[in-house]
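This report concerns only the one structure given below.
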Amino acid sequence: MIGKTQGVFQHLIIIFLLLAAVWVSAAERASFGMIVKPVSDEYARFIGLDGPEGAYVVSTPASGGLRPGDVILKVDDAPIKTPADLQEVIRVHQPGDQVQLMIARGKERVQISYALKSAASSGAGFRPGQAARMPSGLGSFPTIESRDFEKEVLKSERPVLAYFYANWCVPCKTYLPIMQEIGQQHADVKIVGIDVDKSRDIVNRYGISGILPAVILFNGGREIDKVMRVSKKALVDVLLTKIRKDGDEIEVFPSIGKGHWITDVAFIKDSGWLTSRDSDQTIFIWDYRQGALVRTYRAVKSALSPNGAYAALADKNRTAIAVVDIAKQKQSLIQTKLFIEKLAISPFGNAIAGFGAEQNGRFSVNIWTPDNRLIRSIPVDPENNPLMVQFAFSPDGASFALSTLNKLEFFATENWERKTVVTMKGAARVLQFTSDSRAILAPGVDENLVDLQGRKTRGIGGRTVVGRPDARLLIVDNGDNSFRLMSDKSGGTGLRFAGHRAPVNAGAVGDAVRWLASGSSDGTVRLWDPATGDEMVQLLAFGNGEWIVITPEGYYNASARGHEFLNIRRGSRVYGMDQFYDVFYRPDIVSAKLKGDPIAGLVTLTVEEAIKNPPPAVQISFLPDRTGDAKVKVCYRVQSTGGGIGEVRLFQNGKLIKSDGFYREVASQDMMATLKLTQLDGGTVYRDMRSLTIREKQSPGAVVLRAKGDVFEECLEMETIAGENEIGLAAFNASNTVQSAMSTARFLSTRASDEPHLYILAVGIDRYRDASINLKYAAKDARDFLAQLADKAKTIYKPDNIHLTRLIDERAGKSDILKAVEKLASEVKHGDSFIFFNASHGLLLQSQYYIVTGSFDGSLNRSESLISSNEIVEMSKKIKSLSQLYIFDTCHAGGVDAIVSGLYDARMSVLAKKMGLHIYASAGSVETALDGYQGNGLFTHALLEGLKNGAAVDKDKSGAVTVKSLGIYARETTREISNTLGHPQTPLMINFGKDSRLFEVR
């Protein structure tokens, strides 16, 4: 297994390969006998170099005069600009030759005489593009590089097993016979090797972490599944079952590994938050009750306290440390004289440890208080490779352990006296205190369990599960990426937890938390029921800011584009979760699952049920590359693949322009009549959703206007818009539960652009026929937003081209709003922009979102006074504009709890995706609405501030405020102000379709 320490070597240039003899009989050649890497910009500045030149010494033989941290600048008279230059220099030398080295040792410049070492060499090594020669009798398989990947893998007619290896990786060579045996047994499968050091683009694309060897199975150009640490043939055999025709296993899986592997997890006490840290030094704060990512901290070097409550973050120059109280969101700053390589922080945040080079080139571990006071400096022997230095605080904060080569030291944090020194053999790969703080786990040394008195024993291995000081809990690897939970107070083999695709590195429990958390090299954090071994959810954050939380049933919460990293597999067929978005994007179900509530009553459709009726295949017929015509004929074909044909949706530039389905209203009017608006709290909504399940199970989705059979073909005249036109086509299966992948076609319209017009329809309702639900600021919000945006829009539109419609109070009944939409539908053109602003009551009932209009008299009669999300879809289709923004600043009379918030998120997101447009949506309580903020509703206040302060909104200095940038500004402003007011409120900003300018910044 290549662990966390060895995984770092992916980025090193290894000058002295001790592994050469594994492959071939060797001849003698000269070598420096050390490991070097490029010099970073930050370290070059730290030691006074003009730029990142030279070769940084990572490790070196004890003799020779070099130290880790030295930078080789010259060999004899030859300048060394990069590590590769060292290889060129020694080509003319023999082992034993003396060379003169000019080195930078901190800020000093030193010249030393160095004797070259001897190393094995051969002209027949393992090189990309050549066959990888196995030990005698085992045969060979080809290796490929990036330029051949598409041809050899993605376009292969056969399934492909891609074997990711590195020349420095001993297990990669050890397990090659497994792959050869697979090749002999499965002639229909192609096997290729990919060198991770030579194909970094492929490695990054498919999320291969430092756990090698790894295997990815491809079929039909798509990734089917992967396994990291291929140590058993059975692991590859399981992979191959997923492409067999008789395979009917259905699995929901995120694109694991596209993030970095997880190194730490912990539950913050009394907070509802789970913290995790990955190998890229990023710290994630998760709301484990809601199933959502709360916050992210990025740093070049970082550390989490054992209890997850505090973080230490090095700045970009690696000389200063931010100390973060995560729950309180408070920070302090420590200025150091070290170039920081590693960090640790105590569970109380009162001591911070940093290891790194001083400006004299020597290494030390320094301890500071958060107020920048140096407590102690511990020198580190120069013979230590920096990778060997490990240190940690105990969970109770009373002890500090430091591991270096052949030595383990314990310090008492009360006075920082050294209490115990223990002689060890070798260096620990990882250093962890046991959860009871009484001993250290030190994988990598023979006797890997050492107590505070220095007594050494051979433990069972594993990783500490933090959070239980009364029991020594451990996660123990089973060797197949599953693990078992062990305790010093329980015997037996422990319960098996299976699901991770790579080894588990960290575990956590909490006093008031019912779940076990695990963090793995597959990039996921998973929550489990420790009593049964059942997985509750996966939490996965990607390097691009997107994230997913998903239940085993397939229901998920995600960032705006997080679902793009989620797939569903049945046998050899892989579907994108985007095809199931309407049904399975359900933050409310994720939240219910994490509360431990049964979700069967909320589930209208399972993945297994949905995928049994696959979506149809769709195809757009030929379109011209360019046209000057005002209209173009678009023809398309939809063909059943076994699940029939349901609703067909056609999009232009991302916006829905045609669909042939309508949506049934499922609620009983008799039942509705018995409810009051203020009764629709989270509990009522929850029970209502459960009562809906049975009816939706019988006939989910849209009702299609006409039956289509197994093949459906249609043509229509579509109005073009000047510039690029992108046509998108998607179709559902007959039950309208699974959508096809989107088919797209593009053409360029050379027609002249019409003068753009802006249409704004603003609705604000304070006074209702039922006066008991009257609001205070909604009408003013509509007036203010309309006036301010219209004024700003003059920077783009002529004043005569800005058209305003305002509906207030008694003039904002349902019929009034729908009449206004009908009028606008006859006026608005494709190239115009349309904005709908609504400030009023809103409600959630039986999977629908409703606007409560001014004609509401206390009776929940939808036909008279409520506008449903289905009707909003129809409004959008009628209005031809391809650039539409809908803003809902609504008050939920029953309050906004976790259930309401999660379902609100789900319904609004599906609504935006369905229409292919942008939605700003904020749901607050009546109390918040009546309080307002500086004369407006809070969310509208944030929007108005964004309109006033365009320069602050335009952070990328584009010269304009756009739909997306205003949304981001309003969301952050609302969240910040609402937290200070004690009524946390985070608006949703949902963007489908193209971004567009609202006004120019002048």
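The values are calculated or read from the model by the stated rules, or taken from the named source; none is laboratory data. Being a predicted model, the structure only gives us computed values, none of them experimental. Don't worry about glycine lacking a Cβ; one is built from the backbone with ideal geometry, like all the others, and counts go over all protein chains shown.
Summary of values
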{"quantity": "Subset of region 823-858 [modelled with pLDDT of 90 or more and in contact with a Cys (Cβ under 8 Å, 6 or more places away or on another chain)]", "calculated": "840"}
{"quantity": "Residue match in region 963-979 (condition: at pLDDT below 85 and either farther than 23 Å from residue 795 by Cβ or in a helix (DSSP H, G or I) (or both))", "calculated": "yes"}
{"quantity": "Subset of region 390-406 that is at pLDDT 95 or above and not in a strand (DSSP E or B) - its residue that is nearest to the chain's Cα centre (by Cα)", "calculated": "395"}
{"quantity": "Output for region 408-444, where each listed residue is part of a strand (DSSP E or B) and closer than 21 Å to residue 474 by Cβ", "calculated": "408, 410, 422, 432, 433, 439, 440, 441"}
{"quantity": "Hits in region 828-857 - residues which are part of a loop (DSSP other than H, G, I, E, B) and over 18 Å from residue 811 (Cα atoms)", "calculated": "828, 829, 830, 831, 832, 846, 847"}
{"quantity": "Any chance residue 372 is on the phi > 0 side of the Ramachandran plot and surrounded by fewer than 21 Cβ atoms within 10 Å (Cβ to Cβ)", "calculated": "yes"}
{"quantity": "Cβ-Cβ under 8 Å pairs, at least 6 apart or on other chains, region 763-779 side touching a residue at least 24 places away in the same chain (Cβ under 8 Å), far side of a type in the set (Ser, Thr, Tyr) and assigned to a strand (DSSP E or B)", "calculated": "763/840; 764/840; 765/840; 775/840; 778/840"}
{"quantity": "Count of residues meeting criterion [over 34 Å from the mean Cα position of the chain (by Cα) and part of a strand (DSSP E or B)] in region 639-654", "calculated": "1"}
{"quantity": "Test: residue in region 133-153 that is over 25 Å from residue 234 (Cβ atoms), at pLDDT 85 or above and in a strand (DSSP E or B)", "calculated": "yes"}
{"quantity": "Tally, over region 412-452, of residues that are surrounded by fewer than 22 Cβ atoms within 10 Å (Cβ to Cβ), under 26 Å from residue 369 (Cα atoms) and at pLDDT 90 or above", "calculated": "15"}
{"quantity": "Test: residue in region 517-534 that is surrounded by 22 or more Cβ atoms within 10 Å (Cβ to Cβ), over 17 Å from residue 589 (Cβ atoms) and among the aliphatic types (A, V, I, L, M)", "calculated": "yes"}
{"quantity": "Breaking point among (1) outside any loop (DSSP other than H, G, I, E, B); (2) at pLDDT 95 or above, for residue 387", "calculated": "(2)"}
{"quantity": "Check on residue 863, small (Gly, Ala, Ser), outside any helix (DSSP H, G or I), in the same structural domain as residue 918 (by TED's automatic domain parsing) and more than 20 Å from residue 996 (Cα to Cα)", "calculated": "no"}
{"quantity": "Region 549-576 residues that are within 17 Å of residue 288 (Cα to Cα), paired with ones that are basic (Lys, Arg) and not in a helix (DSSP H, G or I) (beta carbon under 8 Å, 6 or more apart)", "calculated": "555/586; 556/586; 557/586"}
{"quantity": "Pick from region 555-577, criterion over 20 Å from residue 642 (Cα atoms) and in a helix (DSSP H, G or I), ranking: modelled with the highest pLDDT", "calculated": "562"}
{"quantity": "Residue satisfying all of: in region 65-77; over 20 Å from residue 388 (Cα atoms) and either hydrophobic (A, V, I, L, M, F, W, C) or over 44 Å from the mean Cα position of the chain (by Cα) (or both); surrounded by the fewest Cβ atoms within 10 Å (Cβ to Cβ) among these", "calculated": "77"}
{"quantity": "Residues located in region 329-363, provided they are basic (Lys, Arg) and either in a loop (DSSP other than H, G, I, E, B) or within 19 Å of residue 285 (Cα to Cα) (or both)", "calculated": "330, 337, 362"}
{"quantity": "Selection status of residue 633, modelled with pLDDT under 90 and among the basic types (Lys, Arg)", "calculated": "no"}
{"quantity": "Residue match in region 255-271 (condition: over 30 Å from residue 511 (Cα atoms), surrounded by 20 or more Cβ atoms within 10 Å (Cβ to Cβ), of a type outside the set (D, E, K, R) and modelled with pLDDT under 85)", "calculated": "yes"}
{"quantity": "Residue within region 607-622 that is under 24 Å from the mean Cα position of the chain (by Cα) and either outside the structural domain of residue 223 (by TED's automatic domain parsing) or assigned to a loop (DSSP other than H, G, I, E, B) (or both) present", "calculated": "yes"}
{"quantity": "Top-ranked residue of region 491-543 - restricted to ones that are of a type in the set (S, T, N, Q) and in contact (Cβ under 8 Å) with a residue 60 or more places away in the chain, ranked as nearest to residue 231 (Cα to Cα)", "calculated": "521"}
{"quantity": "Criterion violated by residue 817 - all others in (1) part of a helix (DSSP H, G or I); (2) more than 41 Å from the chain's Cα centre (by Cα) satisfied", "calculated": "(2)"}
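Matching residues to (1) outside the structural domain of residue 43 (by TED's automatic domain parsing); (2) closer than 16 Å to residue 348 by Cβ; (3) assigned to a loop (DSSP other than H, G, I, E, B); (4) in contact (Cβ under 8 Å) with a residue 24 or more places away in the chain:
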{"site": "263", "(1), (2), (3), (4)": "yes, no, no, yes"}
{"site": "270", "(1), (2), (3), (4)": "yes, yes, yes, yes"}
{"site": "275", "(1), (2), (3), (4)": "yes, yes, no, yes"}
{"site": "286", "(1), (2), (3), (4)": "yes, no, no, yes"}
{"site": "294", "(1), (2), (3), (4)": "yes, no, no, no"}
{"site": "311", "(1), (2), (3), (4)": "yes, yes, no, yes"}
{"site": "323", "(1), (2), (3), (4)": "yes, yes, no, yes"}
